[in-house]
Amino acid sequence: MSSYPTFRYFGEHSVLLEWRDKIDEEIHRELIQWKEFIEEIYRDEIIEIAPSYNALAVFLRPGIPKDVFIDKLRKAVVKRDLIPPKSPKLISIPVCYDDEFGIDLKALARLHQLSISEVIEIHSQKIYKTYFIGFLPGFPYLAGLDQRLHTPRKVAPRRFIEAGSVGIGSSQTGVYPGNYPGGWNIIGRTPLKLFDATRDQPSLIRAGDLIKFVPVSKTTYRLIEIEINTGTYKMEEEVYND
């Protein structure tokens, strides 16, 4: 590992691990390695871990002293006994870029002097890394958007965005997990349910996962929607080895 976090108290029952204040793939790789290490070794002492771009908030179970827990983490640094990082999971997300769903697609294409097909190709040919889940339950912040599609958020956010809407906000792309207000530019929609509180793992996507958007027709979108509602749809995911 090329860098190590600092440790400090973060509220009454939590601690914070912090790296340099920048968005950096190497930092995030180390952050995810720490997350997996803590979840594996100290799972009986924690409630949950919340990652961001350059920090991990670790929420401890009642009765676990923060100073003792931080001391354990510092010793792990000295011993260099973090577990090897796991290979990330690559999840394929079907997206329909039809006019009905991509309500800002034409305007975004005009802004960047691209055709609609070029926008779709550029957006769907990349593999995106999930830095963290935030803003809304199940909302993935994805890094890797091609600079040609960087688009400012809307000055006046919409009061209602359909669940599954795929949007672009500044240098990032993401998917709305539910019906919410929002100011991102909407270019398509997926029938997948990114967040479901009744599932064992409510969020379909987790920090560290890799995402690939797969263009589908409106007909295919409707068929997948039916399969999801009947419980017959099978997610396309695999272990990714670059």
For the range 157-177, indicate whether the set of residues that are among the aromatic types (F, W, Y) and within 25 Å of E48 (Cα to Cα) is non-empty. yes
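Per-residue answers, yes or no, for (1) within 19 Å of T190 (Cα to Cα); (2) assigned by TED's automatic domain parsing to the domain that holds D196; (3) in contact with a Cys (Cβ under 9 Å, 6 or more places away or on another chain); (4) hydroxyl-bearing (S, T, Y):
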site: D99; (1), (2), (3), (4): yes, yes, no, no
site: K106; (1), (2), (3), (4): yes, yes, no, no
site: S115; (1), (2), (3), (4): no, yes, no, yes
site: K129; (1), (2), (3), (4): yes, yes, no, no
site: G138; (1), (2), (3), (4): yes, yes, no, no
site: L142; (1), (2), (3), (4): yes, yes, no, no
site: R148; (1), (2), (3), (4): no, yes, no, no
site: A163; (1), (2), (3), (4): yes, yes, no, no
site: I168; (1), (2), (3), (4): yes, yes, no, no
Out of G174, G208, which single residue is within 27 Å of L149 (Cα to Cα), free of Cβ contacts under 8 Å to residues at least 60 places away in the same chain and of a type outside the set (F, W, Y)? G174
By residue number, the members of the range 1-35 that are modelled with pLDDT of 85 or more and among the hydrophobic types (A, V, I, L, M, F, W, C) are F7, F10, V15, L16, L17, W19, I27, L31, I32, W34
Could you grab me the full set of residues in the range 113-135 that are of a type outside the set (S, T, N, Q), surrounded by fewer than 17 Cβ atoms within 10 Å (Cβ to Cβ) and either under 13 Å from the mean Cα position of the chain (by Cα) or over 29 Å from S203 (Cα atoms) (or both)? L114, I116, E118, I127, G134, F135
Determine whether the range 89-96 contains at least one residue that is in a strand (DSSP E or B), among the hydroxyl-bearing types (S, T, Y) and closer than 30 Å to S165 by Cβ. yes
If you take the residues in the range 182-235 that are out of contact with any Pro (no Cβ under 9 Å at 6 or more places or on another chain) and in a strand (DSSP E or B), which one is surrounded by the fewest Cβ atoms within 10 Å (Cβ to Cβ)? K212
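Please find, within the range 32-51, the residue that is surrounded by the most Cβ atoms within 10 Å (Cβ to Cβ) out of those that are of a type in the set (D, E) and without any contact (Cβ under 8 Å) to a residue 40 or more places away in the chain. Talk me through it step by step, then tell me what you get.
Pass one, the range 32-51, residues of a type in the set (D, E): 36, 39-40, 44-45, 48.
With without any contact (Cβ under 8 Å) to a residue 40 or more places away in the chain added as a condition, the list becomes 39, 44-45, 48.
Values: E39: 14, D44: 7, E45: 16, E48: 10.
Per the stated criteria, the residue is E45.
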Kindly check whether there is at least one residue in the range 59-74 that is in a strand (DSSP E or B), of a type in the set (A, V, I, L, M) and either more than 30 Å from V166 (Cα to Cα) or modelled with pLDDT under 90 (or both). yes
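The values are calculated or read from the model by the stated rules, or taken from the named source; none is laboratory data. Here the structure is a predicted model, which means the values were calculated and not measured. Backbone-built Cβ (ideal geometry, glycine too); neighbour counts: all protein chains shown.
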